[in-house]
1. What number of residues within the range 36-68 are in contact (Cβ under 8 Å) with a residue 60 or more places away in the chain and under 26 Å from Leu21 (Cβ atoms)?
2. Looking at (1) in contact with a strand residue (DSSP E or B) (Cβ under 6 Å, 6 or more places away or on another chain); (2) over 20 Å from Asn12 (Cα atoms); (3) touching a residue at least 40 places away in the same chain (Cβ under 8 Å), which is the only condition Tyr409 fails?
3. Quick check: is even one residue across the range 159-171 more than 20 Å from the chain's Cα centre (by Cα), outside any helix (DSSP H, G or I) and either in contact (Cβ under 8 Å) with a residue 60 or more places away in the chain or in the same structural domain as Gly92 (by TED's automatic domain parsing) (or both)?
4. When the residues of the range 289-320 are filtered to those that are closer than 18 Å to Thr357 by Cα and among the aliphatic types (A, V, I, L, M), which remaining residue is nearest to the chain's Cα centre (by Cα)?
5. Against the definition (crowded, with 21+ Cβ neighbours inside 10 Å and closer than 26 Å to Asp478 by Cα), how does Phe277 come out, yes or no?
6. Based on this model, can you work out whether Ile223 counts as under 24 Å from Arg292 (Cα atoms), outside the structural domain of Val51 (by TED's automatic domain parsing), without any contact (Cβ under 8 Å) to a residue 60 or more places away in the chain and surrounded by fewer than 20 Cβ atoms within 10 Å (Cβ to Cβ)?
7. Tell me, yes or no, whether the range 234-241 has at least one residue that is surrounded by fewer than 22 Cβ atoms within 10 Å (Cβ to Cβ), under 21 Å from the mean Cα position of the chain (by Cα) and assigned by TED's automatic domain parsing to the domain that holds Ile338.
8. Name every residue in the range 88-116 that is in contact with a strand residue (DSSP E or B) (Cβ under 9 Å, 6 or more places away or on another chain), of a type outside the set (Gly, Ala, Ser) and either surrounded by fewer than 21 Cβ atoms within 10 Å (Cβ to Cβ) or part of a strand (DSSP E or B) (or both), in order of residue number.
Amino acid sequence: MRACLVYPEIPNTFWSMKHILKVIGKKALLPPLGLLTVAAMLPDKWEKRLVDLNVNQLTDMDLEWADYVFLSAMSVQEASVREIIVRCRKAGVSVVAGGPLFTNEPEKFEDVDHLVLNEAEITLPQFLVDLERGRLQPVYKTSEYANVHHTPLPQWDLLPDLSHYHQALVQYSRGCPYSYDFCDVISLFGRIPRVKQPEQIIAELNALEDSFDYLFFADDNFIGNKKHLKAQLLPALIEWRRHRGSSITFGTQVTITLADDAQLMELMLEAGFRQIFIGLETPEEESLVASRKRQNTKRDMLENVRRLHKAGFQVSAGFIVGFDTDTTDIFQRQIDFIQESGIVLASTNLLKAPPGTELYERMKREGRLLEEFTFNEIETNFIPQMDPDVLYAGFRNVLQHIFSPEYVYQRAKKFLQEYEPRITITKTGRINYGKHVGTLIRSIYLIGIRSRARYYFWKLLLWTMLTRPKLIRFAVVDAVIMHQLNNLFESHYGTTGQKAKEHGSLEKRELDFLQP
């Protein structure tokens with residue numbers, strides 16, 4: 001058999017980081033870990049090739065060569081998925097599809113020949129057995145959860161040039177002990193975190209260490225199983241780094257409860273973790289309680305973030321507006337909270353109800369769903385309690401502020417004032433930054449010379465040189481984030497500096513926003 005594994009294109013969204021990629025000289029942020037893992041589950045005797053549409057093009061020759069095209073995708077990739085399916089239909093090649101997009105809404109993809117849903121460790125072998133016997137079914141699904149101890153090492157050799165990617169992915173766990181009404185992790189992976197053995201993770205690190213200096217642990221909640229983390233994985237990572245003299249650093253997703261556990265913080269830092277993403281969501285406790293994100297309540301989240309910064313973590317975070325409990329003052333409160341936090345990379349979204357979540361089912365019962373779910377960062381998929389005109393205008397106002405160079409500059413200053421970096425020790429005693437010279441040159445040209453944010457670029461670098469010169473490389477990173485956020489806002493809504501001249505009154509700007 002010949003299997004062509006195709007990873008659909010990710011559009012220009014917050015997390016695609018397309019503007020950052022131009023500065024750092026990469027084509028894509030992350031390689032397709034899911035498809036690379038699926039490839040390792042396919043029979044060794046099969047011929048395999050992988051096409052990542054974020055890096056390369058899918059050619060007619062690829063489709064002519066393939067017996068099957070394997071697709072894996074998230075909701076954000078749906079438009080690209082449909083284009084691929086149309087091409088496969090014209091080429092007469094069968095499509096096998098899985099991943100969150102297809103698992104959450106299989107009924108939307110009747111034109112897919114075979115849906116292999118849920119976790120591939122369980123359903124893909126069933127597909128392969130039926131293929132061998134010549135009795136393939138249209139849908140393979142399960143309510144069971146896979147034993148990730150048996151998950152194979154991703155087949156990285158299908159990507160001959162890893163230099164196209166900014167960072168690589170490793171997955172340690174699946175599942176999360178928390179259950180928020182707007183989160184689909186529970187429906188996909190369950191509430192009991194299942195974790196890989198340390199030797200599995202070490203094998204993955206050994207395969208990637210020479211190609212990357214930063215890896216992201218793609219766990220929905222890395223600290224979901226603290227007992228195993230403290231006793232097994234983190235000690236193994238610490239020993240691996242010491243033995244290899246590795247300067248590689250890690251990022252992952254955690255909950256704010258990390259700030260409550262000094263031992264866990266220290267172990268993660270010693271193991272090489274520096275960047276962490278936290279879903280802070282909102283400063284409104286009533287909204288947190290209503291959505292069941294109770295671990296964020298009854299605490300000073302701003303103080304928790306400061307504690308994490310001072311410990312040596314760089315915090316990025318997600319925020320949401322549009323809860324049923326939100327009032328019109330939430331927009332300014334979000335702006336004030338985000339600015340006070342010193343979180344430079346702050347993602348703010350309208351609340352959505354993804355299929356498979358309790359929120360989706362409630363909106364359905366209440367007759368508030370708006371047709372089918374599509375991924376759009378500047379829209380919601382249900383009728384909000386707040387007047388929609390007010391919600392959309394307020395949301396835009398939040399983005400206009402927190403994505404503007406002036407506000408990003410203010411947050412970067414606050415972060416750099418608080419941040420206490422953890423020194424990374426290597427066998428040579430120092431880290432080679434020479435390979436980042438190209439990024440620095442492109443930063444100076446694209447941001448410091450060509451960008452409308454150039455004033456704040458130089459202002460941030462000068463302030464850092466005068467006050468905390470040892471953190472200048474972090475200031476450059478924050479300036480690149482400033483570039484990303486400003487350009488992302490302009491790509492959605494137009495040039496911020498011209499909006500008043502172009503749109504006139506606030507009321508007209510709100511109407512324009514509602515019809516982007």
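1. Quick first cut of the range 36-68, residues in contact (Cβ under 8 Å) with a residue 60 or more places away in the chain only: 36-43, 48-50, 52, 55, 65-68.
Remaining after also requiring under 26 Å from Leu21 (Cβ atoms): 36-39, 49-50, 52, 55.
Number of matching residues: 8.
2. Of (1) in contact with a strand residue (DSSP E or B) (Cβ under 6 Å, 6 or more places away or on another chain); (2) over 20 Å from Asn12 (Cα atoms); (3) touching a residue at least 40 places away in the same chain (Cβ under 8 Å), only one is false for Tyr409: (1).
3. The initial filter retains those residues of the range 159-171 that are more than 20 Å from the chain's Cα centre (by Cα), namely 159-161.
Still in the list and also outside any helix (DSSP H, G or I): 159-161.
Next, only the ones that are either in contact (Cβ under 8 Å) with a residue 60 or more places away in the chain or in the same structural domain as Gly92 (by TED's automatic domain parsing) (or both) stay: 159.
Yes, the range 159-171 contains at least one residue that is more than 20 Å from the chain's Cα centre (by Cα), outside any helix (DSSP H, G or I) and either in contact (Cβ under 8 Å) with a residue 60 or more places away in the chain or in the same structural domain as Gly92 (by TED's automatic domain parsing) (or both).
4. Per the stated criteria, the residue is Ile320.
5. Values: crowded, with 21+ Cβ neighbours inside 10 Å: no; closer than 26 Å to Asp478 by Cα: yes.
The answer is no for Phe277.
6. For Ile223, the condition - under 24 Å from Arg292 (Cα atoms), outside the structural domain of Val51 (by TED's automatic domain parsing), without any contact (Cβ under 8 Å) to a residue 60 or more places away in the chain and surrounded by fewer than 20 Cβ atoms within 10 Å (Cβ to Cβ) - is not met.
7. No.
8. Arg89, Val93, Val95, Val96, Pro106, Phe109, Asp111, Asp113, His114, Leu115, Val116
The values are calculated or read from the model by the stated rules, or taken from the named source; none is laboratory data. Note that the structure is predicted; figures quoted are calculated from it, not measured. With ideal geometry, Cβ positions are generated from the backbone for all residues, glycine too; neighbour counts draw on all protein chains shown.
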